[in-house]
1. Of the numbered conditions (1) surrounded by fewer than 21 Cβ atoms within 10 Å (Cβ to Cβ); (2) modelled with pLDDT under 90; (3) assigned to a helix (DSSP H, G or I), ARG150 fails exactly one; give the number of that condition.
2. For residues that are at pLDDT below 95 and hydrophobic (A, V, I, L, M, F, W, C), tally how many sit in segment 381-402.
3. Mind checking which residues of segment 196-230 are in contact with a Phe, Trp or Tyr (Cβ under 8 Å, 6 or more places away or on another chain) and either modelled with pLDDT of 90 or more or buried (at least 21 other Cβ atoms within 10 Å of the Cβ) (or both)?
4. If a residue counts only when it is of a type in the set (Asp, Glu), which helices (runs of 4 or more DSSP H) contained entirely in segment 279-390 have at least 1 such residues?
5. Being out of contact with any Phe, Trp or Tyr (no Cβ under 7 Å at 6 or more places or on another chain) and of a type in the set (A, V, I, L, M, F, W, C) is true for just one of ALA122, ALA139, ALA146. Which residue is that?
6. Test TYR168 against the stated conditions and say whether it is hydroxyl-bearing (Ser, Thr, Tyr), farther than 23 Å from LEU303 by Cα and crowded, with 19+ Cβ neighbours inside 10 Å.
7. Select from segment 43-80 the residues that are of a type in the set (Val, Ile, Thr) and modelled with pLDDT of 90 or more and list them in ascending order.
Amino acid sequence: MRILFLSTWLPYPPNQGSKIRAYHLLRALAEAHPTALLSFQDAPVQPEWLEHLGRLCARVEVVPRRPFDRSRLKTWLGWFSPRPSAIVGGHSPEMAASVRRTVLDWKPDAVVALTFVTAPYARAARVQTRVVDVDNLLALMLREEAQAARGIPQRIRRSLAYRKFRAYERQLYPRFDQCLVTSALDRERIAAYIPLLPQQIGLVPNGVDLAHYRPDFRQDGRQGLVFSGALTYGPNRDAMEHFLSRIYPAIQASAPETGLTITGSTAGVRLKSLRSNGHVRFTGHVDDIRPVVAGAAVCVVPLRQGAGTRLKILEAMALGTPVVSTSKGAEGLEVRSEEHLLIADDADQFAEHTLRLLRSPQLRARLAAKAYDMMREKYDWAKIRAGFRQLVEQVHGRAAHG
């Protein structure tokens, strides 16, 4: 089977959540089948990145355009279109031409598209089998944003965006042989608002490369708190604004020297607007977050918005760092509070759970050990890659004989 893989982000280096997923899905297919990669260019491309991908794939082509760049005129016109403005303004003639050319001269049997960004190009491709990785259910995220909007004008804009995207997803995804989600919860959600047959929905969870993330269960010497996530992403910024204003003061009242490290890009973010103090450290993007996360006593995940499964929780568990999360943060993961992590949605309870872990190395060690056992069973990329590859092969087999 020859596979055309369309990626929203260049899937190397795998240094960010979406790119990690893209890399492992690509690797799963390319290790067993000739695979051609077509990707948008989300950042300046280094020769060694293309060299690595070239060793993995039969062919690699990068479209020199950022995936979320939009024509201002087309975006403005999109407000008057039944389709979402992101779709109207973000269409890339270059990507469409590359897909047509690859289909004509390379003749793939199947196409795998990552997210709604590349899905339209996959839908137009004349191939036997089409698979789309839905990733986050964007319409549901937009509905949450509309519900949380402040003021009538903002609520109207966001509600309109939600209704347009919901209609678009309902029209787009049923045309694929397989729609991939990251959790059983998202499988129930997508089935509730998109007319899909049960066999059209596939579950491919996010995971961690356990050959790369090695746990350290020693709890002595670990210090402070860590939150992993770019503040350029709205739900992450909201989580830290909430944590710094409502939760962190209560923690410092009982443990004044407790520091907080926030990793991830802060480009364009006004850090002064966050209620931080001398105990909060912003690292910006780091090439390797393992030492930062492994050195913390507790990973805090006070998320209140967003969708999908949170790699920040899985990465912390893979490194032996215990987690305190909201229900929203742990959404979609097969975890139990007090066994694999601690869950709290009330700000005072979140602070208390964090203090419990800071005070008890024994509790931290117990949760870390249980969490790592679960990681090995359910969230190791080596197992997930094998399952994903088998799923695509089965879907193609049904399409070829149906």
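1. (3)
2. Number satisfying all stated conditions: 2.
3. LEU196, GLN200, VAL204, PRO205, ASN206, GLY207, VAL208, ASP209, LEU210, PHE227
4. 311-318, 347-359, 361-378
5. Exactly one of ALA122, ALA139, ALA146 is out of contact with any Phe, Trp or Tyr (no Cβ under 7 Å at 6 or more places or on another chain) and of a type in the set (A, V, I, L, M, F, W, C), namely ALA122.
6. Numbers: hydroxyl-bearing (Ser, Thr, Tyr): yes; farther than 23 Å from LEU303 by Cα: yes; crowded, with 19+ Cβ neighbours inside 10 Å: yes.
Judged against the criteria, TYR168 is a match.
7. Those that are of a type in the set (Val, Ile, Thr) and modelled with pLDDT of 90 or more: VAL45, VAL60, VAL62, VAL63.
Every residue, every condition in (1) closer than 20 Å to ASP135 by Cβ; (2) crowded, with 17+ Cβ neighbours inside 10 Å; (3) assigned by TED's automatic domain parsing to the domain that holds ASP135, yes or no:
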| site | (1), (2), (3) |
| --- | --- |
| LEU333 | yes, yes, no |
| HIS340 | no, yes, no |
| ALA347 | no, yes, no |
| LEU355 | no, yes, no |
| SER360 | no, no, no |
| TYR372 | no, yes, no |
| PHE388 | yes, yes, yes |
| HIS396 | no, yes, yes |
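The values are calculated or read from the model by the stated rules, or taken from the named source; none is laboratory data. Please read all numbers here as calculations on a predicted model, not as lab measurements. Using ideal geometry, Cβ is built from the backbone for each residue, glycine included, and neighbour counts are taken over all protein chains shown.
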